[in-house]
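Engineer: I have a structure I would like to understand better, so I am pasting it below and will then ask my questions one at a time.
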Amino acid sequence: MPFEAAMKALRAHPLFGDFSNETKCEFVGPNVRANGYCRVSQNGWVYVNLDHPADTETWIYAMAHAWLHLAFGHFVFRGERAAWTRACEIEIARFLGALPLGTPPKELPDPATYGLPVSASREELYRVLCERADLHELPSFGIAGSEACFWLDDGWQQRFWTLSRQYSSFERAFAASVQRALERGVEQAHGDLAVPHGLPENVRDAREWFIDYFPLLSGVVSRFRFIYDIDICRRENIAVAAVNVSARELYINPAAGLGWSEVRFVVAHEVLHAALRHDLRRNGRDPYLWNVACDYVINDWLVQMAIGKMPLGVLYDPELTGLSCEGVYDRIATDLRRLRRLGTLRGKGSRDMLDGERPNWWSRDEGVTLDEFYRTALQEGLRVHLAGKWGTLPGGLIEEIHALAQPPIPWDVALARWIDGVLPSRELRRTYVRASRRQGGVSDIPLPRYVRPHDERTHTFGVVVDTSGSMDRKILGHALGAIASFAVARDVAGVRLVSCDVAAFDHGYLPPETIGDRIELRGRGGTRMQPGIDLLERAPDFPEAGPILVITDGVCDSFASRRRCAILLPESRTLGFPTRASIFRFA
């Protein structure tokens, strides 16, 4: 039957599917003329003329037309009734034509043929119609034949407030339908947005809690796709949970048996891994140990914020409170054997930050980059969280979020700042030893000159270079070139150079621009950097306050210095031992 097919199609439509539950149909004839399709009353009843020989598409148009009178509030009005009903019918016809939805009846009159501004608003149409002398001779522009497709009772003006309250439920229902339709449209447009279909109630409720009540992470959580599949978790060896930052996928193992509060803790844990870009901040460190260090820091924050319940067996140590991920890594890296037995949320010996690049919407030209997405979402979430007083946040977490908004300082600029802070200054000194200068007003009084210190070697630093075969000549040249440029710019007369592989060789003080010419990669066995550092520290002609720069690829024995020391490492390498020295990673 065409009418039943039309109703089925409308209930499946994103705009009218939920709204149709708010209305009722009455299959009676007296309220509808023989040439009409249906009429609607203010209480939500739609009176349908089933004797009309219309097809399915026409019935879709007619029923949508009737429902929109309720959704648009056409029953709440005071004024000229004939002008108002025709203005409302023209407004709905224009709305349905823009969708489009269904097929308008062939006999439906065109308002433009009667000189009416069909593109005008409902209020403008009403004013124009009120001025028409032939108002009552104009046809109906609705789907009820020769009469208006919605009517107002004789006592409607006295019952204005009752109608207003009765209508409000239809208005809210349609507004909710429009909102849901927009959400579905965005999800379909992006294809891979996080849609919580098929999730259990505890996971779905935890996700909605972040979106509704925790603004700091709401923007990030809403963009993650939750995967609650035991087969996928088994294939990926995920014991409890894991996250794929580039694919925006958050995995939760159903076999873990997490409660609602535990799911909330796990979701916050994995999302913070992604939002703070822990995958990029590793900088050559051991991947598993770096994951463990980040887990300690995140879990401490979540405990301070009282977000959910911490599952049994997660990494948490109150003694590490206040440390950054880098600080925790340096502390725990001393006991590798014990730490290899610890487990992340993914399991023992495994990382819960998964690798893998997948094409996403931000990788297209019109999108934003992954870094921009996470940075913007966290910054906006922090602003809303603090402005709305949604709860206190750990200071370390706030500092990391602010740090994400700042572009990273180039390694050579950071190194130059470090050397400026530790290199002895070359302030001018006053002296009477040199020939005096005099002023015209006091020509008989000698004045001191300003001169630089005689010992230029107090304004210098030492460079200990790893010259083993594992060093890349191009990378080494880049590091030495940056150091030479800085030394020339700071008027450093000479740089003390020492090269190391299995033994240390002292090249003495060299002009900064020539230090790269004296380095030869010998390609012999392992590297021992400690003899080179000891050589500088014991040299009588090397200043006691002189800083030391160590250039190595990390494939070396452990070393330490009593002086102020900095280590230059390639981005892809890491040290196999903890150190208090400042580390600068260069490309």
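The values are calculated or read from the model by the stated rules, or taken from the named source; none is laboratory data. Note that this is a predicted model, so its numbers are computed, not measured. Because the Cβ atoms are built from the backbone with ideal geometry, glycine has one as well, and the counts that use them run over all protein chains shown.
Engineer: Are any residues in region 211-227 buried (at least 20 other Cβ atoms within 10 Å of the Cβ) and free of Cβ contacts under 8 Å to residues at least 60 places away in the same chain, and if so, which ones?
Structural biologist: Val221, Phe224, Phe226, Ile227, listed by residue number.
Engineer: Asn237 fails exactly one of the following numbered conditions: (1) under 24 Å from the mean Cα position of the chain (by Cα); (2) of a type outside the set (Phe, Trp, Tyr); (3) at positive phi. What is the number of that condition?
Structural biologist: It is condition (1) that Asn237 fails.
Engineer: Still on this structure, I have one more. Given the structure, is Ile533 in contact with a strand residue (DSSP E or B) (Cβ under 9 Å, 6 or more places away or on another chain), among the β-branched types (Val, Ile, Thr) and at pLDDT 90 or above?
Structural biologist: Details: in contact with a strand residue (DSSP E or B) (Cβ under 9 Å, 6 or more places away or on another chain): yes; among the β-branched types (Val, Ile, Thr): yes; at pLDDT 90 or above: yes.
Yes, satisfied.
Engineer: Let me ask another. Take the conditions of a type outside the set (D, E, K, R), crowded, with 16+ Cβ neighbours inside 10 Å, out of contact with any Asp or Glu (no Cβ under 9 Å at 6 or more places or on another chain) and at pLDDT below 75 and apply them to Gly440. Does it pass?
Structural biologist: Values: of a type outside the set (D, E, K, R): yes; crowded, with 16+ Cβ neighbours inside 10 Å: no; out of contact with any Asp or Glu (no Cβ under 9 Å at 6 or more places or on another chain): yes; at pLDDT below 75: yes.
No: the conditions fail for Gly440.
Engineer: Which ones in region 449-477 are in contact with a strand residue (DSSP E or B) (Cβ under 9 Å, 6 or more places away or on another chain) and at pLDDT 75 or above?
Structural biologist: Step one: of region 449-477, the residues in contact with a strand residue (DSSP E or B) (Cβ under 9 Å, 6 or more places away or on another chain) are 449-453, 457, 460-468, 471-472, 475-476.
Scanning region 449-477 gives Thr460, Phe461, Gly462, Val463, Val464, Val465, Asp466, Thr467, Ser468, Leu476.
Engineer: Can you tell me which residue is modelled with the highest pLDDT among those in region 43-80 that are under 20 Å from Ser146 (Cα atoms) and of a type in the set (S, T, N, Q)?
Structural biologist: Thr58
Engineer: Here's something else I'd like to know. Output the residues belonging to region 219-250 that are charged (D, E, K, R) and part of a strand (DSSP E or B).
Structural biologist: Arg225, Glu249
Engineer: With Ile230, Ile238 as the choices, which residue is more than 15 Å from His273 (Cα to Cα), surrounded by fewer than 17 Cβ atoms within 10 Å (Cβ to Cβ) and assigned by TED's automatic domain parsing to the domain that holds Gly308?
Structural biologist: Numbers: Ile238 fails: surrounded by fewer than 17 Cβ atoms within 10 Å (Cβ to Cβ).
Result of the check over Ile230, Ile238: Ile230.
Engineer: Could you check region 50-145 for helices (runs of 4 or more DSSP H) lying wholly inside it with 2 or more residues that are among the small types (Gly, Ala, Ser) and without any contact (Cβ under 8 Å) to a residue 40 or more places away in the chain?
Structural biologist: Numbers: elements: 56-71, 81-98, 122-130.
Filter on region 50-145 gives 81-98.
Engineer: Hey, another quick one. With the condition kept exactly as written, say whether any residue in region 118-137 is in contact with an Asp or Glu (Cβ under 7 Å, 6 or more places away or on another chain), more than 30 Å from Ala9 (Cβ to Cβ) and either surrounded by 15 or more Cβ atoms within 10 Å (Cβ to Cβ) or at pLDDT 85 or above (or both).
Structural biologist: Yes, that holds for at least one residue.
Engineer: Would a scan of region 188-209 turn up a residue that is closer than 24 Å to Ile401 by Cα, out of contact with any Lys or Arg (no Cβ under 7 Å at 6 or more places or on another chain) and either at pLDDT 80 or above or assigned to a helix (DSSP H, G or I) (or both)?
Structural biologist: yes
Let's see how each residue does on (1) over 24 Å from Glu123 (Cβ atoms); (2) touching a Pro at 6+ places or on another chain (Cβ under 9 Å); (3) buried (at least 24 other Cβ atoms within 10 Å of the Cβ); (4) in the same structural domain as Pro117 (by TED's automatic domain parsing):
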position	(1), (2), (3), (4)
Asp55	yes, yes, no, yes
Thr58	yes, yes, no, yes
Ala64	no, no, yes, yes
Trp84	no, no, no, yes
Cys88	no, no, yes, yes
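Engineer: Determine whether Thr574 is among the polar types (S, T, N, Q) and at pLDDT 85 or above. Let's see the steps before the verdict.
Structural biologist: On the way: among the polar types (S, T, N, Q): yes; at pLDDT 85 or above: no.
Here the answer is no, as Thr574 does not meet what is asked.
Engineer: What number goes with the only condition from (1) part of a loop (DSSP other than H, G, I, E, B); (2) touching a Lys or Arg at 6+ places or on another chain (Cβ under 7 Å) that Leu569 does not pass?
Structural biologist: (1)
Engineer: What is the one condition in (1) within 24 Å of Trp390 (Cβ to Cβ); (2) in contact with an Asp or Glu (Cβ under 8 Å, 6 or more places away or on another chain); (3) among the β-branched types (Val, Ile, Thr) that Ile227 does not satisfy?
Structural biologist: Here Ile227 meets the rest and fails (1).
Engineer: Another question, if that's okay. Of everything in region 544-566, what is in contact (Cβ under 8 Å) with a residue 60 or more places away in the chain, aliphatic (A, V, I, L, M), part of a loop (DSSP other than H, G, I, E, B) and more than 12 Å from Asp466 (Cβ to Cβ)? Give them in sequence order.
Structural biologist: Passing the criteria: only Ala545.
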